[in-house]
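Q: Sharing a structure, written as structure tokens. Questions coming.
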Amino acid sequence: MSAREISRLVVPRRGQSVWLISLSAGAMAFLAVFALALSVTSAQLARTWSAALAQTATVRLAAPPEEMEAQTAIVLEVLRTTPGIESAHVMVPDEQAALLEAWLGPDLPLDALPLPRLIEITETSEGPDRQGLRLRLAAEAPGAVFDDHTRWRRPLAEAAGRLRSFALVSLGLIGGVTAAIIVLAASAALASNGQVIRVLRLVGARDRFIARAFVRQISLRAGLGALVGTALGMGALAALPQAGGGVHLLSGLGFAGAGWLLPLVIPPLAMVLAWAASLTTAFQVLRGVT
Amino acid sequence: MIVFEDVSHDYGGGPLFRDVSARLEKGSFHFLTGPSGAGKSTFLKLCYGELLPSAGKISLMNKDVNTLSRDALAEIRQRIGVVHQDCQFLDHLSVEQNVALPLSATGRPVAESDVSDLLEWVGLAKRADALPPTLSGGERQRAALARAIIAAPNVLLADEPTGNLDWDMSQRLMSLMIELNKMGTAVLVATHDLQLIRFAKSQINARVLRISRRKLQVAGADL
Ligand SMILES: Nc1ncnc2c1ncn2[C@@H]1O[C@H](COP(=O)(O)OP(=O)(O)OP(=O)(O)O)[C@@H](O)[C@H]1O
Ligand SMILES: [Mg+2]
């Protein structure tokens with residue numbers, strides 16, 4: 001029997017602490033999956049909405065297809081000659097799709113919708129005379145509407161940013177609570193195995209060996225619990241009903257594509273956390289036992 | 001290997017013994033006797049660093065126990081085999097695994113044949129796979145002795161190792177300790193058993209130490 005094999009065996013596999021560790025690591029991992037998803041989704045929303053905000057205003061142009069180009073040219077000319085407007089840019093369909101995705105989800109058949117054309121305006125710091133511009137547009141290109149309504153998105157973008165902070169704080173709290181539970185469980189495991197420690201001491205085992213024997217068991221349990229918790233969390237996310245439209249934050253909570261790999265870091269992370277927390281505890285306890 | 005210089009020990013209720021000086025040299029064989037409660041087990045615990053002296057100096061393998069790091073003490077214990085009066089084991093591991101523990105828990109290779117030979121010697125071959133809680137008192141002592149000597153220690157400390165054994169088995173274990181001593185191991189055995197001491201003295205040159213009235217004395221030749 002080698003040292004490696006025996007170190008796996010010297011700590012009896014029993015006691016409530018074992019269950020406490022697996023169960024709490026599982027529960028925490030489950031929660032961590034959601035916090036992570038929330039952080040990813042809200043970050044994405046914040047980015048989309050902030051991007052929209054930077055384009056302080058748009059002109060929405062609705063016109064019959066055959067008149068679209070002519071009307072666009074007129075609008076651009078009006079904008080070019082309006083003081084307070086730095087530049088104007090006609091959005092290509094892809095850009096428009098990206099903007100809409102945050103609201104309607106990625107799977108909408110945009111081609112099938114009679115979408116207005118959007119012209120993005122970058123204003124100078126003073127900005128244009130909005131009322132004057134509206135009147136001019138109404139006179140020269142009746143299908144065009146000057147729209148600086150993107151401003152109402154600002155609180156939304158802020159809320160999304162705030163939500164992301166909450167999610168990150170939650171992740172931190174989950175990690176902290178997990179570490180605290182591991183510390184408690186490790187102390188309990190060491191305290192309830194006084195005889196194991198005494199015997200190992202007697203035969204000349206070093207603290208490092210004794211600590212490792214405990215730590216290995218604790219971190220394996222934590223890793224295993226976290227694996228199950230993560231799997232359940234991911235399953236629950238995948239099973240969230242995907243609403244076609246409506247509030248995207250709810251229906252879209254989760255990961256996209258390779259983003260699904262992200263929660264897979266939770267189990268190894270939980271294991272490392274458990275390892276560090278229990279190792280520190282074990283050394284601390286062993287230093288107090290002669 | 002183990003040197004006491006003016007050592008006193010006190011658990012808090014007055015000194016158990018005072019100004020004890022002794023040397024356990026390589027290849028020596030000592031018995032330790034004295035009335036119950038005199039401090040024999042305490043003396044042994046001082047010999048492997050489980051207790052520190054209240055006063056005086058104890059050197060283990062030329063190192064002062066008071067200044068030993070925990071790792072250094074562990075290393076010294078790897079060279080000292082101990083049979084406790086209340087033999088403790090890892091109760092969830094087999095006798096065989098327990099006997100091999102001094103090697104396996106310190107990263108030294110374990111030869112299965114050595115373990116089984118030793119178990120054979122102490123009459124536990126049939127109990128190799130048993131769990132310690134199912135052993136009788138005598139079987140526990142034999143397993144503890146096997147564990148104490150599996151790693152061929154420089155020093156063997158045995159606290160009443162034959163307390164629960166019949167005379168045949170006591171002789172057998174004593175012979176094992178004598179063999180070990182002939183190969184250079186310093187042996188210290190705490191015991192009340194005068195018959196056992198006589199048996200050993202008939203074969204080797206053993207000294208008898210006695211703790212009484214708070215002093216350690218060399219007992220007379222009448223034993
Ligand atoms: N941890 C302890 N704390 C306080 N007192 C102790 C402790 N261990 C032993 N004693 C006391 O010290 C005295 C000596 O104990 P020790 O076990 O060394 O005696 P002993 O000579 O081995 O006796 P026995 O022959 O019965 O085994 C006893 O009176 C005992 O009650
Ligand atoms: Mg005793």
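A short reminder: the numbers here are calculations on the coordinates, not readings from a lab. Since the model is a prediction, treat every value here as computed from it, not as a measurement. Please note: Cβ atoms are built from the backbone with ideal geometry, for glycine as well, and neighbour counts cover all protein chains shown.
Q: Could you work out [θ]222 nm for chain B from helices alone, using -39500 (n - 2.57) per DSSP H run of at least four and dividing by all its residues? Round to the nearest 500 deg cm²/dmol. Each step should come with its number before you reach the end.
A: Details: 7 runs with 73 residues, N = 223.
Calculated from helices alone, the mean residue ellipticity at 222 nm is -9500 deg cm²/dmol.
Q: Still on this structure, I have one more. Give, rounded to the nearest 20 debye, the magnitude of the charge dipole that chain B has about its Cα centre when Lys and Arg contribute +1 at Cβ and Asp and Glu contribute -1 at Cβ.
A: Values: 25 positive and 25 negative charges, 141 e Å.
Its charge dipole is roughly 680 debye.
Q: Could you work out how much longer the chain between residue B:129 and residue B:113 gets when fully extended? Use 0.36 nm per residue separation minus the Cα distance between them, nm to one decimal.
A: On the way: separation 16, 0.36 × 16 = 5.76 nm, distance 1.47 nm.
The residue B:129-residue B:113 span can extend by a further 4.3 nm.
Q: Now for a different question. How large is ³J(HN,Hα), in whole Hz, for each residue of region A:274-283 in order, when computed from phi with the Karplus curve 6.51 cos²θ - 1.76 cosθ + 1.60 and θ = phi - 60°, using x for Gly and Pro?
A: My calculation for region A:274-283 gives 4, 4, 5, 5, 6, 5, 4, 4, 4, 5 Hz in order.
Q: How big is the Rg/Rh ratio for region B:60-173, C-alpha atoms only, Rh by Kirkwood, two decimals? Write out the running numbers ahead of the final one.
A: Details: Rg = 14.3 Å, Rh = 14.6 Å.
Rg/Rh for region B:60-173 comes to 0.98.
Q: While we're on this one: How are the alpha carbon pair distances in the protein assembly as shown distributed across 10 Å bins from zero to the largest one, expressed in percent?
A: Computed distribution, short to long bins: 4, 15, 17, 14, 10, 8, 7, 7, 6, 6, 4, 2, 0, 0.
Q: Okay, moving on. Calculate, for residue A:77 and residue A:147, the FRET efficiency according to 1/(1 + (r/R0)^6) with r their C-beta to C-beta distance and R0 25 Å; round to the nearest 0.05. Walk me through the numbers before you get to the answer.
A: Values: r = 19 Å, r/R0 = 0.75.
Here the calculated transfer efficiency is 0.85.
Q: Same structure again: For residue B:201, which lysines qualify as cross-link partners when the Cα separation must be under 16 Å and same-chain residues fewer than eight apart are set aside?
A: B:182
Q: Now, a different point. So what is log10(I(q)/I(0)) for chain B at q = 0.07, 0.09, 0.12 1/Å, when the Debye sum runs over its Cα atoms only?
A: -0.21, -0.35, -0.63
Q: Now a separate question. How far is helix B:167-182 tilted, in degrees, relative to the longest principal axis of the Cα atoms in chain B, given as a value from 0 to 90 rounded to the nearest 10?
A: 70 degrees
Q: Then there's this: Taking the 0 to 90 degree range and rounding to the nearest ten, how far is the long axis of helix B:112-121 tilted relative to the main principal axis of chain B, both from C-alpha atoms?
A: Between helix and principal axis, roughly 70 degrees.
Q: Compute the signed sum of charges (Lys and Arg +1, Asp and Glu -1) over the other residues within less than 14 Å, Cβ to Cβ, of residue A:275.
A: +4
Q: Semi-axes of region B:108-223's equivalent ellipsoid from the Cα gyration tensor, sqrt of 5 times each eigenvalue, largest first, rounded to whole Å?
A: Working: eigenvalues 144, 52, 34 Å².
Result for region B:108-223: semi-axes of 27, 16, 13 Å.
Q: Further, regarding this structure: What distance in nm lies between label points placed 7 Å from Cα along the C-beta direction at residue A:195 and residue B:183?
A: With each label point 7 Å from Cα toward Cβ, the separation is 3.0 nm.
Q: Moving on. Between residue A:129 and residue B:26, what is the label-to-label distance in nm when each label sits 7 Å out along the Cα-to-Cβ direction?
A: If labels sit at residue A:129 and residue B:26, their model points lie 10.9 nm apart.
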